[in-house]
1. Please work out if Leu371 is assigned to a helix (DSSP H, G or I), aliphatic (A, V, I, L, M) and touching a residue at least 12 places away in the same chain (Cβ under 8 Å).
2. Let me spell it out: the conditions are (1) in a helix (DSSP H, G or I); (2) farther than 18 Å from Tyr421 by Cα; (3) in contact (Cβ under 8 Å) with a residue 24 or more places away in the chain, and Lys322 meets all of them except one. Which number is the exception?
3. Among Met176, Met147, which is the only one that is at pLDDT below 95, open to solvent by 10 Å² or more (accessible area, probe 1.4 Å) and in contact with a helix residue (DSSP H, G or I) (Cβ under 9 Å, 6 or more places away or on another chain)?
4. Mind listing whichever residues of segment 355-376 are under 27 Å from Phe163 (Cβ atoms), touching a strand residue (DSSP E or B) at 6+ places or on another chain (Cβ under 9 Å) and open to solvent by less than 10 Å² (accessible area, probe 1.4 Å)?
5. If you take the residues in segment 16-60 that are closer than 25 Å to Lys269 by Cα and among the aliphatic types (A, V, I, L, M), which one is surrounded by the most Cβ atoms within 10 Å (Cβ to Cβ)?
6. Restricting to segment 69-86, and then to whatever is basic (Lys, Arg) and touching a strand residue (DSSP E or B) at 6+ places or on another chain (Cβ under 8 Å), can you tell me which residue is surrounded by the fewest Cβ atoms within 10 Å (Cβ to Cβ)?
7. How about segment 87-122: which of its residues are open to solvent by 10 Å² or more (accessible area, probe 1.4 Å) and over 18 Å from Val191 (Cβ atoms)?
Amino acid sequence: MFTQTLNVVSATSASAESAGMSELRLQLIEDHLKRNYIDNGRFPCTHTLVYRHGKMVHSAAQGWADVERQALIKDDTIFRIYSMTKPITSVAFMMLVEEGRVALDEPVAKYIPQWRDLAVYVGGMPMLGPQPDGQPKFITRAAARPMLIVDLLRHTSGLTYGFQNRTNVDAAYRSMQIGEIGFAGTLDSMVEQLATVPLEFSPGQAWNYSVSADVLGYLIGKISGKPFEQFLKERIFDPLGMVDTGFHVPTEKAHRFAACYSVDGKGGKVLQDDPTQSSFLNPPSFVSGGGGLVSTTADYLKFCRMLLGRGALGNARLLSPKTLSLMTTNHLPGGKTLPELSRSLFSEAIYDGVGFGLGFAVTIEPARTLLPGSSGEYSWGGAASTSFWIDPAEDLAVIFMTQCLPSGAYPIRRELRTLVYSAIVESNL
């Protein structure tokens, strides 16, 4: 067991010009967000943070954390980060890989024996109620090869999400509430349920956004010998000083918790999760490594600074530079991009020119994105329209927070990339 002494240097605020950026152009970000998202009621609030060359050169919050109660967003507002949990879970898992406790090319069935005979869906439909043997009725075939640990990290496992709403396998997930945040089940019960449902495809044959990161959370607990949430706290949150990040909002911090909204189909929004009644106010039974965390912009910056610091922040080293390099390399079979391999109707990635590493989307062909950026940039986002990206070539990290479902309702992530890169006046490339 590694021990870490907390000695995290706080982020230093500095002028944009000191980091090769334009203050005037950075202000255009907030003008754009106010005009196109706040004033017209699309988003309740926004918090944008830009960090470059070791300096926080832009941090601006505007709007309401809670529209109904007229509570303004603040620097310490707590957000549901949903799938921005996945990179944290992936880092945690790779810490165990570095310790030699698990390997990427091992079969998942080594750790989940009941998955040894997982088959691939061919036909049939799940019944609304249980079959006599307690399992949905499917026609299946044997998988071409076993599911490997690497398949979980890069979403080539053959697992899925119920909200994909694309296949009969998705329907089975929905009917069993597999992977649903707020569900009364546990990681153990999720693994047992998944043993009864076929895979969408043979592992390694396609990319599909899925509960794979939730399975990683289960494995972290099993391999480390301690609850998944405890591992994250002791090995990541405490060493990095992420004091407001966890799987629920404690009572003493509930007044800082933002409301969450969803689009109403008319260009506005409706309340989706009241922060005074939210399930996030209590510790969950299902601890989701795929989407269960809440955090602040400041806390997530510490995680991003660790990534930008090649695995270390202050004297807290979570990963080696070589492991992080491995994680941020495209791992899709055949070197393909997401559009070439994806079966998902939905994910948190900008597709064209983008591959997938071990927990992150990775830009491999910037020209195909039709956006300014760099090869090797890596990123992810959350369902409530939050997002972040790291650009090692430009020594840049960007975090965007809001609370509006779904994340694909507006092209905010593409717009932010254009606005942020347009503010760079001294490029490293």
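1. Details: assigned to a helix (DSSP H, G or I): no; aliphatic (A, V, I, L, M): yes; touching a residue at least 12 places away in the same chain (Cβ under 8 Å): yes.
Considered against the rule, which asks whether it is assigned to a helix (DSSP H, G or I), aliphatic (A, V, I, L, M) and touching a residue at least 12 places away in the same chain (Cβ under 8 Å), Leu371 comes out as no.
2. (3)
3. Working: Met147 fails: at pLDDT below 95.
Residue meeting the stated conditions: Met176.
4. Across segment 355-376, the qualifying residues are Gly355, Phe356, Gly357, Gly359, Phe360, Ala361, Val362.
5. Only one residue tops the list, namely Leu33.
6. To start, the set of residues in segment 69-86 that are basic (Lys, Arg) comprises 69, 74, 80, 86.
Pick out the ones that are also touching a strand residue (DSSP E or B) at 6+ places or on another chain (Cβ under 8 Å) and you get 74, 80, 86.
Working: Lys74: 14, Arg80: 28, Lys86: 29.
The extreme case among them is Lys74.
7. Hits for segment 87-122 are Val97, Glu98, Glu99, Gly100, Arg101, Ala103, Leu104, Asp105, Tyr121, Val122.
Matching residues to (1) among the charged types (D, E, K, R); (2) closer than 22 Å to Ser202 by Cα; (3) assigned to a strand (DSSP E or B):
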| position | (1), (2), (3) |
| --- | --- |
| Glu340 | yes, yes, no |
| Tyr351 | no, no, no |
| Leu358 | no, yes, no |
| Trp389 | no, no, yes |
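The values are calculated or read from the model by the stated rules, or taken from the named source; none is laboratory data. What you see is a predicted model; the values in this text were computed from it and never measured. Because the Cβ atoms are built from the backbone with ideal geometry, glycine has one as well, and the counts that use them run over all protein chains shown. Ligands, DNA and RNA are stripped out before the accessible areas are found, and what is left, the full protein with its side chains, is counted by its heavy atoms. Shrake-Rupley method; radii C 1.70, N 1.55, O 1.52, S 1.80 Å.
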